[in-house]
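Novice: Structure provided below as structure tokens; questions to follow.
The values are calculated or read from the model by the stated rules, or taken from the named source; none is laboratory data. Keep in mind that this is a model prediction, so the values were computed, not measured. Note that each Cβ is placed from the backbone with ideal geometry, even for glycine, and that neighbours are counted across all protein chains shown.
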């Protein structure tokens with residue numbers, strides 16, 4: 001949670017930066033998504049490194065990269081292009097924090113504790129995202145947008161002492177290898193691993209798209225309702241919508257473990273498609289209705305990620321885990337990058353952020369992620385699956 005204070009720094013201040021740096025919707029999408037592109041590019045290298053050495057060393061280096069990049073945004077970014085470069089670097093750092101942290105966790109557990117702990121880990125991810133929004137909203141108003149990135153850098157540095165509290169992996173859990181990259185072919189041959197990788201890609205397409213675009217969307221809705229936003233700051237509202245998903249994420253993960261992950265993820269994904277349709281239809285509707293729908297969408301879009309994470313962990317063995325988690329992160333966060341960008345392009349093509357129709361198409365594009373997740377759960381591969 002400390003290491004991811006930077007993750008929603010740009011989305012939280014995107015409206016202010018769009019005015020300051022004269023950005024259109026496509027540029028907002030690029031700046032919001034490039035963090036996840038840096039993550040996807042770096043993860044195979046960092047996962048391979050974590051297979052050759054202690055994962056805590058990889059985490060330490062990555063956290064330092066993340067901190068340096070966040071400080072650089074505050075000190076040197078004076079427009080779109082420099083911010084794009086530094087946010088890409090920050091995403092590289094986060095690659096060594098997120099999935100490497102998850103691998104360190106499951107390497108220290110056995111049996112059913114591994115998928116269950118993965119669900120708690122994704123809950124912590126949601127809490128960190130919510131804290132990122134709330135801290136950014138507060139600090140930007142008190143001290144300016146630069147303070148948001150200074151605090152994000154400090155958060156990454158504060159995560160490092162916690163490494164001292166993490167013991168060694170359980171004997172036999174951590175497989176050492178001299179390979180530059182994890183053994184991707186072994187993971188790609190497993191249909192169940194591929195199923196959950198596709199589901200995660202669809203999930204992050206939608207989750208990061210709505211996280212990047214929620215603040216501009218609420219700003220549009222408040223303007224359409226002549227300022228009747230109940231005095232609630234859009235950034236604060238989005239931050240709380242993220243927190244709402246946390247307990248239900250854990251509940252849905254437990255339901256998946258008891259009733260079967262596939263039907264639970266399928267049902268939640270379909271519900272998210274419906275909520276996206278309602279948000280697009282009511283883009284300029286009553287603020288309280290739109291806010292309520294966004295809170296529900298926080299549950300349906302992110303609520304099944306714990307079950308998805310539990311599914312990928314349960315589908316792996318010690319030999320395939322590093323490669324599976326690398327695929328999970330690389331493909332997932334690649335689509336996490338593409339989702340906000342695709343929404344930005346849809347908004348520009350439909351007339352810009354001030355057009356209600358543009359937001360209808362924005363949520364239609366977002367919903368494609370849940371369509372992919374539901375399809376992955378319904379997929380019946382011809383080859384026999386292990387799980």
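Novice: Take the residues in the stretch 142-162 that are in a helix (DSSP H, G or I) and without any contact (Cβ under 8 Å) to a residue 12 or more places away in the chain; name whichever of them is surrounded by the most Cβ atoms within 10 Å (Cβ to Cβ).
Specialist: Per the criteria, the residue is 143.
A quick yes/no check of all residues on (1) out of contact with any strand residue (DSSP E or B) (no Cβ under 9 Å at 6 or more places or on another chain); (2) touching a residue at least 60 places away in the same chain (Cβ under 8 Å); (3) assigned to a helix (DSSP H, G or I); (4) closer than 16 Å to residue 144 by Cα:
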| site | (1), (2), (3), (4) |
| --- | --- |
| 6 | yes, yes, no, yes |
| 15 | yes, yes, yes, yes |
| 27 | yes, yes, yes, no |
| 31 | yes, no, yes, no |
| 40 | yes, yes, yes, no |
| 50 | yes, yes, yes, no |
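Novice: Here's another thing I want to ask about it. Hey, among the residues in the stretch 291-316 that are buried (at least 24 other Cβ atoms within 10 Å of the Cβ) and over 20 Å from the mean Cα position of the chain (by Cα), which one's farthest from residue 203 (Cα to Cα)?
Specialist: Out of the qualifying residues, it is 316.
Novice: Sticking with this one: Taking into account only those residues within the stretch 7-37 that are farther than 13 Å from residue 211 by Cβ and within 13 Å of the chain's Cα centre (by Cα), which is surrounded by the most Cβ atoms within 10 Å (Cβ to Cβ)?
Specialist: The selected residue is 34.
Novice: Kindly indicate whether residue 221 is at pLDDT below 85 and either out of contact with any strand residue (DSSP E or B) (no Cβ under 7 Å at 6 or more places or on another chain) or more than 22 Å from residue 97 (Cβ to Cβ) (or both).
Specialist: Numbers: at pLDDT below 85: no; either out of contact with any strand residue (DSSP E or B) (no Cβ under 7 Å at 6 or more places or on another chain) or more than 22 Å from residue 97 (Cβ to Cβ) (or both): yes.
Criteria not met by residue 221.
Novice: Something else: Out of all the residues in the stretch 163-179, is one or more in a helix (DSSP H, G or I) and at pLDDT 90 or above?
Specialist: At the first step, the residues of the stretch 163-179 found to be in a helix (DSSP H, G or I) are 163-165.
Subsequent filtering for residues that are at pLDDT 90 or above retains none.
Checked against the condition, which is being in a helix (DSSP H, G or I) and at pLDDT 90 or above, the stretch 163-179 yields no hits at all.
Novice: Under 8 Å between Cβ atoms, which residue pairs at least 6 apart in sequence (or on different chains) link something in the stretch 368-379 that is free of Cβ contacts under 8 Å to residues at least 24 places away in the same chain and at negative phi with a partner that is buried (at least 23 other Cβ atoms within 10 Å of the Cβ) and not in a helix (DSSP H, G or I)?
Specialist: Close Cβ pairs satisfying both conditions: none exist.
Novice: Just one of (1) buried (at least 23 other Cβ atoms within 10 Å of the Cβ); (2) out of contact with any helix residue (DSSP H, G or I) (no Cβ under 6 Å at 6 or more places or on another chain) trips up residue 62, so point out which.
Specialist: So residue 62 meets the others, but not (2).
Novice: Among the residues of the stretch 274-283, is any under 20 Å from the mean Cα position of the chain (by Cα) and surrounded by 19 or more Cβ atoms within 10 Å (Cβ to Cβ)?
Specialist: Among the residues of the stretch 274-283, at least one is under 20 Å from the mean Cα position of the chain (by Cα) and surrounded by 19 or more Cβ atoms within 10 Å (Cβ to Cβ), which makes the answer yes.
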